[in-house]
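Here's the structure, in structure tokens; my notes come after.
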Amino acid sequence: SSFASQTYTARAAGFANDLAVQLLKLMDRKKTNLSIAADVTSKAELLQLADLLGPYICVFKTHIDILDDYDSSVPEALTALAEKHDFLIFEDRKFADIGSTVKAQYQSGVYKIASWAHITNAHPIPGEGIVHGLKEVGLPLKRGLLLLAEMSSKGTLAQGKYSMDTLAMAARNRDFVFGFIGQRRLPLDEPEKEDFLYLTPGVSMAQSGDSLGQQYRSPEQVVLESGCDVIIVGRAIYGAADPVAEAKKYQEAGWNAYLQRTRR
Ligand code: 6AU
């Protein structure tokens, strides 16, 4: 589609969600389409990764519920680091319940995700009520939501009509839903009308998968061939001997693929 050949900044005007506009401009400003999946289990490690890798990323992705020693100082510290290094925080919560329940899960409980995570995500499986419930909490706080249109894992049920129906659900909620977790830019009915951001996990330049069904592709395959916008990289970076050196490599690979795509 023609959106893929435009710069992030040029595309910002086509988004109804403020956070998407912020993210698109941030990516061009920092020259990065890299998101780190910081799947570590201690708050010290998590905050260290945010501080060390902050300069090279656009989005810091958390699974806050895997921390062994979580307390409310964590989101405070993450927020300060997000301001220091100019990145957005994405809590990868993968909500999947009815609207009324996800509203409470987003706003309340131990983590109070809506109070600190700029971005979160949800499975479309319950139907559109999940988006409406999350929107009631998130929109007044100027948050943004991603829907899981496809997954990176082997045998995923999120494909075909399910993915296309997810796209339609997003299109009806563009004030809050600004994009997808997906493996490729999905074909639009009216290609010129609606732009979305695609954030894509399952990225490694070293491995083709893990022992539990994860499947990896390269930054070039994701950004250049599949038209996705942000590469999400976890173990390939934080599991390396030198995570900073590795992050720089992925930043460069992702950015070069974007430059090649927009020059076509
Ligand atoms: O690079 P990895 O394999 O170490 O980590 C990939 C990260 C993990 C997963 O929970 C997440 O990406 N993920 C997601 C997301 C972001 O929603 C969806 C998906 O289909 N596959 C996937 O791996 O934190």
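Available extension along the chain between E83 and Q159 is 23.7 nm, counting 0.36 nm per residue and deducting the alpha carbon span. Heavy-atom accessible area with a 1.4 Å probe sorts M151, M169, largest first, into M151, M169. Separation of region 40-109 and region 185-239, taken as the distance between their Cα centroids, equals 21 angstrom.
Modelled spin-label separation between D210 and L141, with each label point placed 7 Å from Cα along the Cα-to-Cβ direction: 2.7 nm. Estimated at 0.36 nm per residue, the fully extended path between E128 and D68 surpasses their Cα-Cα distance by 18.3 nm.
Calculated [222 nm] ellipticity per residue, helices only, for the chain: -11000 deg cm²/dmol; basis is -39500 (n - 2.57) per DSSP H run with n ≥ 4, divided by all residues, nearest 500. Its residues counted as N, region 1-142 yields a C-alpha radius of gyration over 2.2 N^0.38 Å of 1.08.
With the convex hull drawn around the C-alpha atoms of region 155-223, the volume per residue stands at 100 Å³.
How many times 2.2 N^0.38 Å is the alpha carbon radius of gyration of the chain? If you can, show how the numbers build up before the last one.
Numbers: Rg = 17.0 Å, N = 264, 2.2 N^0.38 = 18.3 Å.
With N residues counted in the chain, Rg over 2.2 N^0.38 Å equals 0.93.
For GluC sites (Glu not before Pro), the sites in region 151-248 that DSSP calls loop and that have at most 15 other Cβ atoms within 10 Å are E192. Could you work out the relative contact order of region 61-204, using alpha carbon pairs under 8 angstrom and six or more residues apart, expressed as a whole percent? The value is 18 percent.
The values are calculated or read from the model by the stated rules, or taken from the named source; none is laboratory data. Worth saying up front: this structure is predicted, and the values here are computed from it rather than measured. Every residue, glycine among them, receives a Cβ derived from its backbone with ideal geometry; neighbour counts consider all protein chains shown. These accessible areas exclude ligands, DNA and RNA; they are computed on the full protein's heavy atoms, side chains included. Shrake-Rupley method; radii C 1.70, N 1.55, O 1.52, S 1.80 Å.
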